[in-house]
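Student: Next up is a structure, given as structure tokens.
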Amino acid sequence: MTRAAAFFDLDKTVIAKSSTLAFGRPFFAGGLINRRAVLKGAYAQFVFSLAGADAQQMERMRAQITRMATGWDVATVHEIVHETLHEVVDPLVYAEAADLIEFHRAAGHEIVIVSSSGAEMVEPIGEMLGADRVVATRMVRADGRYTGEIDFYAYGENKAEAMREVAAEGGYHLADCYAYSDSVTDLPMLAAVGHPTAVNPDRALRRAATERGWPVREFTRPVSMRSRFAAPPGPVVTGAAMSVGAAVAGLAWYARRRALRVVAVVPIPRAPVAAPAAVPAGRRRRRGA
């Protein structure tokens, strides 16, 4: 059987905002940043939501974030992210992305989140989404604090190189794999696989997708993951049944938590199937349709 993976960019592909900027208010409440940084982050989020980010903007954002994070206590960052994850990120997940993740999982494909945001944020989000593994930016730590230096920047060609490593370790060919992203800065990521798709593409990526004949998809419906998986109305459930259900849910959560790894690969011997139909390149689907 052919093994494969589905690689998902995170910001504006799986969630509707920048994952890094989304934690601005919790970081402010936790004393990590000041009010001015919150306002600058809100403005950056607004610009990002309108037009995405080109290479120059990404570099400015990277420099600003690493400079701001220098000296932060690593344990405090982890605590804030985990405590506010569902409040901050849960309502931002695109329903279309969640459907696509479920589709690939049912097809036996490994789910990989590949994001330029920091691993401290991306790994918990990946766990929430049930991803098999995460590729994210890693910052250097010393004595429990961030030094301001970057160990690995998951951006541009670095994403594609990380994907090649994932494929080599997982024992599958990238030609059989899928990738989804919104930004022209992820051209190397999309070009690395046999089945690339532009999602909510910026102008430059839309043009590149049209030229290369890549599918284009529009994700427009952020939905709470909690409401998405809430049980529909039905008969009253007994206390014993609720206890059994809670135990099963707890085991499923624990299994998902154990499954999320940064480098290891879980073999899933199932045959891949074709991805759902996409909007042809160059033809933008009317919002709200």
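Student: Tabulate in residue order the Karplus-calculated ³J(HN,Hα) for region 122-139, using 6.51 cos²θ - 1.76 cosθ + 1.60 with θ = phi - 60°, rounded to whole Hz; enter x for Gly and Pro.
Tutor: 6, 4, x, 5, x, 5, 4, 7, x, 5, 7, 7, 9, 10, 8, 5, 10, 9
Student: For each of 66, 185, count neighbouring Cβ atoms within 10 Å of the residue's Cβ, then give the residues from fewest to most. Intermediate results must be reported in sequence, preceding the final value.
Tutor: Working: 66 19, 185 22.
Fewest to most other Cβ atoms nearby, the residues stand as 66, 185.
Student: I need 76, 84, 13 ordered by Cβ neighbour count within 10 Å, fewest first.
Tutor: 76, 84, 13
FYI, it's all coordinate maths here, none of it is from the lab. Just so you know, these numbers come straight off a predicted model, no measurement behind them. No Cβ is skipped: glycine too gets one built from the backbone with ideal geometry, and neighbour counts run over all protein chains shown.
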